[in-house]
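**Student:** Here's a structure for you.
Throughout, read-outs are computed from the coordinates displayed, never taken from laboratory work. What you see is a predicted model; the values in this text were computed from it and never measured. No Cβ is skipped: glycine too gets one built from the backbone with ideal geometry, and neighbour counts run over all protein chains shown.
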Amino acid sequence: MTYVRTVLGRLVAGVLAAVAAALVTFGAPASAQEFTMKFATLTINDIQHEYMKAYKAELEKVTNGRIKVELYPAAQLGGAPRQSEGLRLGTIEAAIGPAELFVGIDPRFQALAMAGLFKDREHARRALDNPDLRKLIATIGDGRGLATVGYTIYDTQMFNTKTPVNKLADLANKRIRVLASDGEQAMVRALGANSVPMSLPEVLPALQQGTIDGVTSVLGVYAALRYYDAAPHLLDSKLWSLVSLVLVNKPWLDRLPPDLQKAVMDLGTKLEAPNHAWQTERIAADKAAWAKNNGKMTTLSAAEQAEAQKRVIDALVPVLDKNANLKTFYTGVKAITDKVN
C-alpha cells in the first residue's frame, strides 16, 4: 500500500505540474494574446500611406505589441475590388481609401465624392469633425460588417491629362479614368469627356500607352506616382472632394478584448488632426515637385468654373433618382455640410 500511495502521489504531482505548465502556456489572459491587422491601401508615399504608418506605430505602442499591424500599400493586396472583397471576408482586417473606392460594398459610399457637399478641403475637414455626419457615414459600414475608424480629407479633385486642358471644350471626348461609381462617371460625362473605370495599378501604363487621355483624382496621387512624365498637365478643377475612410472588418474587431477594441477605434480619431496638418504641408510640397518636374497646372475661368459646377451637380440628379437609399444618404450629408461654416 505504501508503494501504491507513493506511485499515486508521484502521478498526482506530475499531473498537477503538467496542468500548471499548460496554464502558463495556454491559459494566459486574453490581454497577452497577439492579433494581426493587415492594413491595405492602393497608394504609396501619400496621405493614406502616412496615416497607415502612424497608425501602426501608435497602435503597436498603446497595445504593447498585442496587435501587430502589417502594412500593404501600393495595391499589394489587390486593386479596389479585391480590397473591398477582402474587407468583407476578413482576409484584410483594415483598409484606407477614398469612400467611392468601396462602392462595391455599398453604393452609398460614392455620395461623399459627389459635387455640392464640400466648399473646399478645410470645409470638408470641419464637416467631418461633426458628430452627426460621422454617425451618418458610419451607418453604411455598420450594415455591411465594417467599422468606420477614421476620416481623412485627401484633397479636392483635379484632372491630369496628356495634353493641356484650359477650358471645358478641351475635355471633349477625352477618355478619362474614373472610379467605378455611377456618380463620378456621370459627372465626368457631363463635362464632355468619356469616363473609363479603371483600377489604380492600371492607370499609369494606360496613360503611357495612350489607352486613356487623362485621370480624375488628386494631386497627391499624381505626384507620389510621378504621373508628370506621362501626363504633365493638371486642371485644378475642385469640383468635388475625395474623403478617405479607414474601414475595419467588424467580426475581427469584435473578437478583440474590449480594451483593444477601444484602442483601435480611439486611435483612428486621434490621428485625424495631425494627418490633416501633414497633408496641408504635403500639398504645398507636391505642387513644388510638380513644377520642378516640368508639370503644368491651370484653372478654369470664373465663368467656366461656375458652368462646370452646374453641370456636375445637374448630372447627379438622375443618378440619385435611380437609388432611393443613395439619394436619402446624399441629402442627409448635404443637410449637415450646408450648416457647417
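**Student:** Given 0.36 nm per residue, what is the gain on full extension from residue 85 to residue 305 after removing their alpha carbon distance, in nm?
**Tutor:** Taking residue 85 through residue 305 to full extension adds about 75.5 nm, to one decimal.
**Student:** Going by amide H atoms built from the backbone, whose H comes under 5 Å of the H on residue 146, apart from near neighbours?
**Tutor:** 250
**Student:** For every other residue with a beta carbon closer than 14 angstrom to the beta carbon of residue 282, add +1 if it is Lys or Arg and -1 if Asp or Glu, then tell me the sum.
**Tutor:** -2
**Student:** Can you compute 3J(HN,Hα) from phi for each residue in segment 110-120, using the Karplus curve 6.51 cos²θ - 1.76 cosθ + 1.60 with θ = phi - 60°, rounded to whole Hz and x for Gly and Pro?
**Tutor:** Result, rounded to whole Hz: 5, 4, 5, 9, 8, 5, x, 9, 10, 6, 6.
**Student:** Using the Cα centre as the reference, give the magnitude of the dipole from point charges on the C-beta atoms of the chain (Lys, Arg: +1; Asp, Glu: -1; all else neutral), rounded to the nearest 20 debye.
**Tutor:** 440 debye
**Student:** For the pair residue 229 and residue 313, how long in nm is the line joining their label points, each one 7 Å along Cα→Cβ?
**Tutor:** Spacing of the two 7 Å Cα→Cβ label points: 4.1 nm.
**Student:** Can you give me the C-alpha center-to-center distance between segment 84-121 and segment 241-300, rounded to a whole angstrom?
**Tutor:** 13 Å
**Student:** Next question. For residue 92, list long-range residues whose amide hydrogen, built 1.01 Å from N in the peptide plane, is under 5 Å from its own amide hydrogen.
**Tutor:** Distant-sequence amide H within range of residue 92: 87.
**Student:** For the chain, return all DSSP H helices satisfying: extent of Cα atoms along own axis at least 15 Å; mean Kyte-Doolittle hydropathy at least 1.6.
**Tutor:** Qualifying helices, which must be both long enough and hydrophobic enough, are 2-26.
**Student:** Let me ask something else about it. What residue among 100, 202, 272 has the largest mean-square fluctuation in a Gaussian network model of the chain, using Cα springs under 10 Å?
**Tutor:** Its mean-square fluctuation being the largest, the pick is 202.
**Student:** Can you spot the aspartates and glutamates whose alpha carbon is less than 16 Å from residue 167's alpha carbon? Ignore those fewer than 8 places along the same chain.
**Tutor:** Straight-line reach from residue 167, under 16 Å: 213, 236, 304, 307.
**Student:** Next question, about the same structure. Taking amide H atoms as placed 1.01 Å from N in the peptide plane, list the residues 5 or more away in sequence, or in a different chain, whose amide H sits under 5 Å from that of residue 68.
**Tutor:** Those lying under 5 Å, H to H, from residue 68 are 35, 36, 37.
**Student:** I'd like the trypsin sites (Lys or Arg not before Pro) in segment 166-268 restricted to DSSP loop residues with at most 16 other Cβ atoms within 10 Å, sorted by number.
**Tutor:** Here the trypsin sites (Lys or Arg not before Pro) that fit, given the DSSP loop and packing criteria, are 167, 226.
**Student:** Which of 293, 249, 166 moves the most in a Gaussian network model of the chain with Cα springs under 10 Å?
**Tutor:** 293
**Student:** Residue by residue, what Karplus-based ³J(HN,Hα) values in Hz, rounded to whole numbers, does segment 97-105 have, using 6.51, -1.76 and 1.60 with θ = phi - 60° and x for Gly and Pro?
**Tutor:** x, x, 3, 5, 4, 9, 4, x, 7
**Student:** Work from the charge dipole of segment 34-337 (Cβ charges, +1 for Lys and Arg, -1 for Asp and Glu, about the Cα centre) and give the residue of 136, 199, 261 farthest towards its positive end.
**Tutor:** Value computed over the given set: 199.
**Student:** In a Gaussian network model over the chain where Cα atoms closer than 10 Å are linked, find which of 303, 138, 127 has the largest mean-square fluctuation.
**Tutor:** Checking each option, the largest mean-square fluctuation is seen for 303.
**Student:** Just going by the charge dipole of the chain, with Lys and Arg at +1 and Asp and Glu at -1 on Cβ, which of 190, 102, 84 is farthest out on the positive end?
**Tutor:** Selected residue: 84.
**Student:** Would you list which lysines come within 17 Å of residue 270, measuring only between C-alpha atoms, while excluding same-chain residues fewer than 8 positions from it?
**Tutor:** Hits, sequence-local ones excluded: 53, 56, 61, 135, 262.
**Student:** A follow-up question, please. To make sure I understand the rule: partners must be lysines, Cα under 21 Å from the Cα of residue 322, and not fewer than 8 residues away in the same chain. Which ones qualify?
**Tutor:** 310, 334
**Student:** If you don't mind, another one. Counting pairs of alpha carbon atoms under 8 Å apart in space and at least six apart in sequence, what relative contact order in percent does segment 156-204 give?
**Tutor:** Computed value for segment 156-204: 34 percent relative contact order.
**Student:** So what is the relative contact order of the chain, in percent, for Cα pairs below 8 Å that sit 6 or more residues apart?
**Tutor:** Here the relative contact order equals 23 percent.
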